[in-house]
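Okay, structure first, notes after.
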Amino acid sequence: MIPNFMKKKLQFILYIKLIFFFILVTNPQKLFADEIFQKGREIFLEQGTCASCHSLSDAVSQANIGPNLDEIRPDLNRIVLAVTNGIGVMPAFEGMLSTEEINAVSHYVYKATE
Ligand code: HEC
């Protein structure tokens, strides 16, 4: 016979496992997307040099050459277009960043200002 307190403990462990399993099954994109978010954040601060021109609170950047991204809250397409082709004073990043990097940094800006 399993003593009662052990049963409770086992039940508790089972609940925790179920919760994790549920999160994994219902939300795989989210786990995956967060990785892209982190990668995009790095690009924003480093290779992309976005932080040298744009303010974005998530990236703790303060620069006023370009518009404040928290304020304009651009949609995803608009970001991809601006980063790929450039706009006004902002340089085009096509060729400087890979398509994958452009997508990651755009995803990041979109999610950080959503
Ligand atoms: C040399 C400074 C500079 C850098 C570097 C820069 N930007 Fe910009 N960005 C600007 C300026 C200036 C504008 C406004 C252009 C205009 O509307 O004439 C702008 C506009 C934008 C817009 C709005 C586009 C629109 O449709 O209005 C987004 C989004 C954006 N930048 C994101 C980024 C991201 C992401 C990066 C990094 C990959 C980046 N910028 C790097 C200067 C910069």
Q: Would you mind calculating the gained length between Met1 and Phe20 on full extension (0.36 nm times residue separation, minus the Cα-Cα distance), in nm to one decimal?
A: 4.0 nm
Q. Put a dot 7 Å past each Cα toward the Cβ at Gln47 and Ala92; how far apart are the dots in nm?
A. 1.9
Q.
I'm checking a number: the convex hull volume of the Cα atoms of the chain, normalised per residue, in Å³. What is it?
A. 132
**Q.** Distant-in-sequence amide H partners of Ser61 (H built 1.01 Å from N, under 5 Å)
**A.** Leu56
Q | Point-charge dipole on Cβ atoms (K/R +1, D/E -1) for segment 1-91, about Cα centre, debye to 20 | A | 780
(Q) For the chain, set up a GNM with springs between Cα atoms under 10 Å and report which of Leu14, Leu45, Leu24 has the largest fluctuation. (A) Leu14
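Taken together, the values in this text are just the output of simple stated rules run on the coordinates, not laboratory data. Predicted, not measured: the structure shown is a model, and the values here were computed from it. Neighbour counts are summed over all protein chains in view; Cβ atoms, including those assigned to glycine, are modelled from backbone coordinates with ideal geometry.
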